[in-house]
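S.K.: Sharing a structure, written as structure tokens. Questions coming.
The values are calculated or read from the model by the stated rules, or taken from the named source; none is laboratory data. From a predicted model like this one, the values you see are computed outputs, not experimental measurements. Ideal geometry is used to build each Cβ from the backbone, glycine not excepted, and the neighbour counts take in all protein chains shown.
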Amino acid sequence: MLNLDDFIALITSRSQAWVEAGATWKVDRSPDDGRNKHAAWVTIEQSDREGVLIVWDSGEAELEAAGSSVEIFQKHFEGLGTADVALDELAALVIRQP
């Protein structure tokens, strides 16, 4: 199982570097409405690039990124205990350092 509070804390811990590189970001999570699986997601945008990483507490994740220099990239993850690697991949696809 992946802890969504830990995922959001991970995003927050890395967000300053994204902002310093000129990116914007937003995090959200599904409501606690009785569903079997809960999710949280982060969207990162920079210039003409955008990406989103959705993670479920089951350990599954979906990564999508697109932009003029990145066609459309999609990747599915299973069995994640943490989302470090997936979040790093999202940032690498979207954020270009100044």
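S.K.: Only one residue in Ile72, Ile8 is modelled with pLDDT of 95 or more, out of contact with any Ser or Thr (no Cβ under 9 Å at 6 or more places or on another chain) and among the hydrophobic types (A, V, I, L, M, F, W, C), so which one is that?
M.R.: Every option except Ile8 fails the conditions.
S.K.: Ok, one more. Among the listed residues His76, His38, identify the single one that is touching an Asp or Glu at 6+ places or on another chain (Cβ under 9 Å) and either crowded, with 16+ Cβ neighbours inside 10 Å or touching a residue at least 24 places away in the same chain (Cβ under 8 Å) (or both).
M.R.: Of the residues listed, the single one that is touching an Asp or Glu at 6+ places or on another chain (Cβ under 9 Å) and either crowded, with 16+ Cβ neighbours inside 10 Å or touching a residue at least 24 places away in the same chain (Cβ under 8 Å) (or both) is His38.
S.K.: On the given criteria, is Gly51 more than 12 Å from the chain's Cα centre (by Cα), over 19 Å from Asn3 (Cβ atoms) and surrounded by 17 or more Cβ atoms within 10 Å (Cβ to Cβ)?
M.R.: No: the conditions fail for Gly51.
S.K.: Take residues that are of a type in the set (Lys, Arg) and tell me which of the strands (runs of 3 or more DSSP E) falling wholly in the chain contain 2 or more.
M.R.: Working: elements: 24-29, 39-46, 49-56, 61-67, 72-77.
Ranges flagged: 24-29.
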